[in-house]
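The values are calculated or read from the model by the stated rules, or taken from the named source; none is laboratory data. Because the structure is a prediction, the values reported are computed rather than measured. Here Cβ is always computed from backbone atoms with ideal geometry, including for glycine, and neighbour counts include all displayed protein chains. What goes into the accessible areas is simple: the full protein's heavy atoms, side chains included, and nothing from ligands, DNA or RNA. Shrake-Rupley method; radii C 1.70, N 1.55, O 1.52, S 1.80 Å.
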Amino acid sequence: TLEGKGVHGNQPVKMTLRPAKANSGISFLRCEGDKEVEIPARYDYVAATELCTIIGDPKGLYVATIEHLMAALRALNIDNVLIEIDGPEVPVMDGSSTIFVEALNKTGLIAQTARRKFIRVEKNVRVDNGNSYAEFSPYNGCYFDVEIDFDDLHIGRQRFQGDIDAEVFSKQIAKARTFGFLRDVDYLREAGYALGSSLENSVIIGKGDEGILNPEGLRCDNEFVCHKLLDAIGDLALSGVPILGAYRSFRGGHKLNYLALKALLEDKTAWTLVDSTDLDISSNARAKHALPSKAVGIPSTK
């Protein structure tokens, strides 16, 4: 169980991750008063992608800013979990996935009886959005190539390329915090965003030559691109099952990640659903890419 506030709505929220049966997937149980609705964490339940990813009914019960938690679940190979949440937004915690990773590792994971399923990319699928693009391509593992290009000397152009597994995510990616510009704060808050943003949960870039306003500075030199990668991992986790393939994005964000995933999954010739018995990678490669043969969940506390 984790408690905190949403980075956009600034509303207090309590969230509990509970065990789920094999093949049930990842779902949010959104509770409000005597009403509750289960919202599967899948791309076809996405309602909005403006500054964060939202699933559910935007005029009713929904859950926003799910990407940091979803990234931790996918990176730790968790297939089945029910997330009870009593507010409209996943708590931002420190702006990264670190606290989620630590909590899940402390709780522990269990192998379940079902074979793990994967979406295997069979051909290239590309989406362009202005001067940004994203592309899936076949690859026997989980490979990301994320590049950002900001017209700001404190960020500039950064790129992360590599295979992503639980160890890489936990050591290099999970700690990267969400970020924004001080010049945008007033505009965002007038529009109802970033009401809970602070130096405790966001990297803030000041105006002009002010630089990074956080007293502790950055957690790593490439924290900006690492957070964009973290977001991409979380957004693509809405595939429902892990993706075997390579994902490349340039100047991407939540919208582009969603559009690319939608384009892939709606092209039935672009992918095949397989389980661990169908994989044509060696046992060494399986270990390298963290592809467990059985579904994984969190243990029951009962």
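Could you list, in sequence order, the residues of the stretch 70-91 that are in contact with a helix residue (DSSP H, G or I) (Cβ under 6 Å, 6 or more places away or on another chain) and either farther than 21 Å from Phe118 by Cβ or of a type in the set (Ser, Thr, Tyr) (or both)?
Listed by number, the list holds a single entry, Val90.
Residues of the stretch 256-282 being within 25 Å of Gln172 (Cβ to Cβ) and within 16 Å of the chain's Cα centre (by Cα), which ones?
Result: Leu256, Asn257, Tyr258, Ala260, Leu261.
Going by the conditions given, is Arg189 under 29 Å from Met93 (Cα atoms), open to solvent by less than 60 Å² (accessible area, probe 1.4 Å) and among the basic types (Lys, Arg)?
no
Could you tell me whether the stretch 52-60 includes any residue that is part of a strand (DSSP E or B), open to solvent by less than 10 Å² (accessible area, probe 1.4 Å) and among the β-branched types (Val, Ile, Thr)?
yes
So, in the stretch 120-141, exactly how many residues are open to solvent by less than 30 Å² (accessible area, probe 1.4 Å), under 22 Å from Arg251 (Cβ atoms) and not aromatic (Phe, Trp, Tyr)?
Total meeting the criteria: 5.
Is it the case that some residue within the stretch 261-272 is touching a Leu at 6+ places or on another chain (Cβ under 8 Å), modelled with pLDDT of 95 or more and either part of a helix (DSSP H, G or I) or open to solvent by less than 40 Å² (accessible area, probe 1.4 Å) (or both)?
Yes, because at least one residue in the stretch 261-272 is touching a Leu at 6+ places or on another chain (Cβ under 8 Å), modelled with pLDDT of 95 or more and either part of a helix (DSSP H, G or I) or open to solvent by less than 40 Å² (accessible area, probe 1.4 Å) (or both).
I need a count of the residues in the stretch 101-119 that are closer than 21 Å to Asp275 by Cβ, open to solvent by 20 Å² or more (accessible area, probe 1.4 Å) and outside any loop (DSSP other than H, G, I, E, B).
Of the residues in the stretch 101-119, 6 are closer than 21 Å to Asp275 by Cβ, open to solvent by 20 Å² or more (accessible area, probe 1.4 Å) and outside any loop (DSSP other than H, G, I, E, B).
Identify all residues within the stretch 192-205 that are touching a helix residue (DSSP H, G or I) at 6+ places or on another chain (Cβ under 7 Å), open to solvent by less than 30 Å² (accessible area, probe 1.4 Å) and in a loop (DSSP other than H, G, I, E, B); write none if there are none.
Answer for the stretch 192-205, where residues must be touching a helix residue (DSSP H, G or I) at 6+ places or on another chain (Cβ under 7 Å), open to solvent by less than 30 Å² (accessible area, probe 1.4 Å) and in a loop (DSSP other than H, G, I, E, B): just Ala194.
Among the residues of the stretch 150-175 satisfying the criterion of being over 21 Å from Phe136 (Cβ atoms) and part of a strand (DSSP E or B), which is most open to solvent (accessible area, probe 1.4 Å)?
Arg157
Going residue by residue through the stretch 241-252, is there one that turns out to be in a helix (DSSP H, G or I) and closer than 19 Å to Glu135 by Cα?
No, the stretch 241-252 contains no residue that is in a helix (DSSP H, G or I) and closer than 19 Å to Glu135 by Cα.
Quick one: how many residues across the stretch 18-68 are under 24 Å from Asn257 (Cβ atoms) and among the acidic types (Asp, Glu)?
Selection size over the stretch 18-68: 5.
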